[in-house]
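What follows is a short report on a single structure.
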Amino acid sequence: MINPDELRICAKRGHDAPGRGIDGWAQCKWCGMWLRGVYTTEEREDEPPKAELSVLEQMRRLKVPE
């Protein structure tokens, strides 16, 4: 049996929603809540702080020893 309080937390956090990185609505398989991620794109001309770089960008910048 699933605790109703845990289901509320699940719904707020979007647990187990299939395709969370994809545009459109997805349903959580545990609580049935419909979810969608809304993202913004920001631009800047200068170099962003290293802590704000994506993991993929950080890995791309690593130099492989020869």
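Within a straight-line Cα-Cα reach of under 29 Å, Lys63 can be paired with the following lysines, leaving aside sequence neighbours fewer than 8 residues apart in one chain: Lys50. Highest-first packing order for the peptide set 37-43, 54-60, 26-32, 4-10 is 26-32, 4-10, 54-60, 37-43, based on the mean count of other beta carbon atoms within 10 Å. For Lys12, the lysines whose Cα comes closer than 21 Å to its Cα, not counting residues fewer than 8 places off in the same chain, are Lys29.
Every number in this text was worked out from the coordinates using simple rules, so none of it is lab data. Everything numeric in this text was worked out from a predicted model, so none of it was measured. Cβ: placed from backbone, ideal geometry, glycine included. Neighbour counts: every protein chain shown.
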